[in-house]
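For reference, the structure discussed in these notes is given below.
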Amino acid sequence: MLKLIQNEWMKLWAKKGTWIMTLLLIAIVIGLMGLTKWINSQNTTEPTDWKTNVQEQLKITNETLQMDLPKSERKQTEETAKILEYRLDQNVPPLAQDSRESMIINPVGIGSLVVLLTVIVAAGIVASEFSQGTIKMLLTRPVKRWKVMTSKYITVLLFGMLLMLIGFVVTIACAYILFPSGGGQELKMDGNAIVSVPVWGHGLYLLILSFANVIITATFAFMIGSVFRSNGMAIGLSLFIFFTGNTIVLLLSNYEIVKYLVFTHMDLTVYEMGQPFVEGMTMPFSLTVLVVYLVVFLVISYSVFTKRDITA
Amino acid sequence: MIIKPIVELKNLTKVIGNKKIIDDLNLSLYPGQITGFLGPNGAGKTTTIRMMVGLMKRTSGEILIDGKPLSEDFEEGLSKIGVIVENPEMYKFMTGYKNLLHFARMQSDISKERIDEVISQVGLEQRIHEKVSTYSLGMRQRLGLAQALLHRPEFLILDEPTNGLDPAGIREFRQYLREIAATENVSVFVSSHMLSEIELMCDRIAVIQNGKLVDIQDMTEPVQSHYYLEASPAEDAQELLLSKGFIVETMPVGLLLQAEKSQIPAIVQLLTANGIQVFAVQPHRKTLEDQFLEMTGGGQIAEAHTK
């Protein structure tokens, strides 16, 4: 199996497109960070005192609490208020907008970029064997088809992980080069206590959460690619789902069925960053739904691929 | 001693939709023998071959590789087979060497030395580290052969192997197949449309039509000797020879006479003595094409073509 993965990895990187995608990722991350730096440098207004800002935020938050809020949103807002009060009491400034730490702590943008690029690889890894005609060379070896399939799937996941890692490393490098370290701290509620959030750990955690999206979208592309043997269709459909998912969730948000749609659960970072789309969703529930979809996608891919007559 | 067949097809059947593509096919292939696989377009050659190498599933029947059913141990069966299915499509974006490395990794225990050995066998040393996209068709065919030979197969299946090769390439390829069949005792199974090709290459031919095996013939069998005779008036000549008990057929021009070489002088004398002018007498070999058309019925090919 290791040799098969080695093969897929070799084929992957022998294609120019793979290198271009990787360089593109690096370029976009650097570009975005540079842009942020530039926008910040254009902003010449006198930096206001953080305490004034926090006081203002607290005022708004308290006003929000006067309104009629859904239960989960109320809890959320109350927590926000508590943290803001704590900052004022204990004199703990928040992370400055343009500080090194605030860049590292929130690297979710990488997630969406990696989804796009991984989908391209996942869509093509089976479909391209058919379009090149190499499938009949590949499957006339003394290796069972499910093993070939598994090596391809693992290669897609490894590629996604590698891109995530590259994106994160580039982000960190840019953060160190372009942005000064700021003094503040990120805080969160842990039960009833307020604790500070470790910058690196939290960044990495968000990255792992956004990797769930990479896995599910790539697996979908992998399935379409191996069932329809069409690279373009797989990329098209997967990206369509990736981009319209939220709209569909919004449209159906009043119906019970929305809970069981894959779109609702693709972005796990919502549990860290704020509100889940749908009232009452929890992380374990989302994970369960995602795993069910994942299994269905894989079962379809494998059963079609291992049974198919190769006539290409 | 009876030689054990390396491959046996037993009652092999393939149904697609409600059409029987392959109908109850039985065939044994032996070590050291080159078997040609002939048939009109759409007769089921490629389907048969694809079932033998695991690209298609059979509907019923069994494929035995070295006595073991392929369905029971696919990996062991396939490790004994080298395959070129139609044009060997390689990964064009990789070098020839990486392509071979790729296929070597899918077999067990192929050393770097073995890869180098095969490369020099097919004569690709000079260009092996260049991308396949820069290769000519002939070089791709050589690379295709190299990948099929990597694991020293006992059985080699070639589907239309000389597609696109130039005459020199075809000749070289043919000699090469003869050589490995003779020296390494490999059983070779070649499907082709090129009858003259098969004729020169094979020890035995199997003819398939409409999914059924029509005939198996040994090419080494002595062929009845025929002579082409051009004489005038032809009708008289034919009558005369028939009356003497010879078998004579009319050809578009002249006659086809079945006779031994030793009888020819007497025949010529007989004809001239009867006032028949003889213009030409030459040995005539029934080509495989003639036999093939006889076996399958010429019209069938045209019919299959128009499908």
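Of note:
- Taking label points 7 Å from Cα along the Cα-to-Cβ direction, A:LEU158 and B:PHE279 give a separation of 7.5 nm.
- GNM top mover of A:ALA127, A:ALA234, A:ALA27 - chain A, alpha-carbon springs below 10 Å: A:ALA27
- Each Lys and Arg contributes +1 and each Asp and Glu -1, all at the Cβ; summed about the Cα centre of the protein assembly as shown, the dipole is approximately 660 debye.
- Ordered from largest to smallest accessible area (heavy atoms of protein chains, 1.4 Å probe), the residues A:THR247, A:THR269 come out as A:THR247, A:THR269.
- With Cα atoms, 0 to 90° folded angle of helix A:231-251 axis to chain A main axis: 30 degrees
- The protein assembly as shown: calculated mean residue ellipticity at 222 nm from DSSP helix runs of at least 4, using -39500 (n - 2.57): -17500 deg cm²/dmol
- Each of A:TYR176, B:TYR91 has its accessible area taken with a 1.4 Å probe; listed largest first, they run A:TYR176, B:TYR91.
- B:ILE34, B:ILE110, reordered so the largest accessible area comes first (probe 1.4 Å): B:ILE110, B:ILE34
- Straight-line cross-link reach from B:LYS244 at under 18 Å between alpha-carbon atoms covers these lysines, not counting any fewer than eight positions away in the same chain: B:LYS261.
- As a length-normalised measure over Cα pairs under 8 Å and 6 or more apart, the relative contact order of the range B:226-284 settles at 53 percent.
- Beta bridges per DSSP with both ends in the protein assembly as shown, % antiparallel, nearest 5: 70 percent
- Across the range B:7-218, C-alpha contacts under 8 Å between residues 6 or more apart give a mean separation that, scaled by the residue count, equals a relative contact order of 32 percent.
- Taking θ as phi - 60° and the Karplus parameters 6.51, -1.76 and 1.60, the scalar couplings of the range B:97-112 work out to 5, 5, 4, 5, 4, 4, 6, 5, 5, 8, 10, 8, 6, 10, 7, 4 Hz in sequence order, x denoting glycine and proline.
- Helix axis angle, B:264-273 relative to chain B longest principal axis, alpha carbon, degrees: 30 degrees
- Formal net charge of residues neighbouring A:GLN55 (Cβ-Cβ distance under 11 Å; K, R +1; D, E -1): 0
- For the range B:56-183, the square roots of the Cα gyration tensor eigenvalues, ordered a ≥ b ≥ c, give a/c of at least 1.5 with a/b greater than b/c, which places it in the prolate category.
- Electrostatic bookkeeping for A:LEU12 treats Lys and Arg as +1 and Asp and Glu as -1; over the other residues with beta carbon under 14 Å from its beta carbon, the sum is +3.
- Inter-chain neighbour count for B:86-94: the average number of beta-carbon atoms from partner chains within 10 Å of each residue's beta-carbon is 5.
- Note on the protein assembly as shown: dipole from Cβ charges, positive end direction compared against A:LEU158, B:ALA146, B:LEU55; the farthest Cα belongs to A:LEU158.
- Accessible surface of B:SER60 - all protein chains present, 1.4 Å probe, nearest 10 Å²: 50 Å²
- Simple Cβ-charge dipole of chain A, Lys/Arg +1 and Asp/Glu -1, about Cα centre, in debye nearest 20: 2040 debye
- Residues whose amide H falls under 5 Å from that of B:ILE16, counting only those 5 or more places apart or on a different chain, are B:ILE21, with hydrogens built in the peptide plane.
- Across the range A:207-212, computed HN-Hα scalar couplings (Karplus, 6.51 cos²θ - 1.76 cosθ + 1.60, θ = phi - 60°) run 4, 5, 4, 6, 5, 4 Hz from first to last residue, x flagging Gly and Pro.
- Relative contact order [Cα under 8 Å, 6+ residues apart], chain A, whole percent: 24 percent
- Put a dot 7 Å past the Cα of A:LYS82, heading toward its Cβ, do the same for A:LEU32, and the two dots end up 3.2 nm apart.
- Mean per-residue shielding of peptide B:41-50 is 1, counting Cβ atoms of other chains within 10 Å of each Cβ.
- Which listed pairs, of A:LYS144/B:LYS212; A:LYS15/B:LYS131; A:LYS147/A:LYS307, have C-alpha distances above 20 Å, in listed order: A:LYS144/B:LYS212
- A:THR219 accessible area, 1.4 Å probe, all protein chains in place, Å² to nearest 10: 0 Å²
- 0 to 90° range, to nearest 10: angle between helix B:167-183 axis and chain B longest Cα axis: 80 degrees
- Nearby lysines by direct alpha-carbon distance to A:LYS59 (threshold 24 angstrom, same-chain neighbours under 8 apart not counted): A:LYS51, A:LYS71, A:LYS75, A:LYS82, A:LYS188
The values are calculated or read from the model by the stated rules, or taken from the named source; none is laboratory data. Just so it is clear, the structure is predicted and the values come from calculations on it, not from any experiment. Quick reminder, even Gly has a Cβ in these numbers, built from the backbone with ideal geometry, and neighbours come from all protein chains shown. Surface areas here come from the heavy atoms of the whole protein model, side chains and all, with no ligands, DNA or RNA. Shrake-Rupley method; radii C 1.70, N 1.55, O 1.52, S 1.80 Å.
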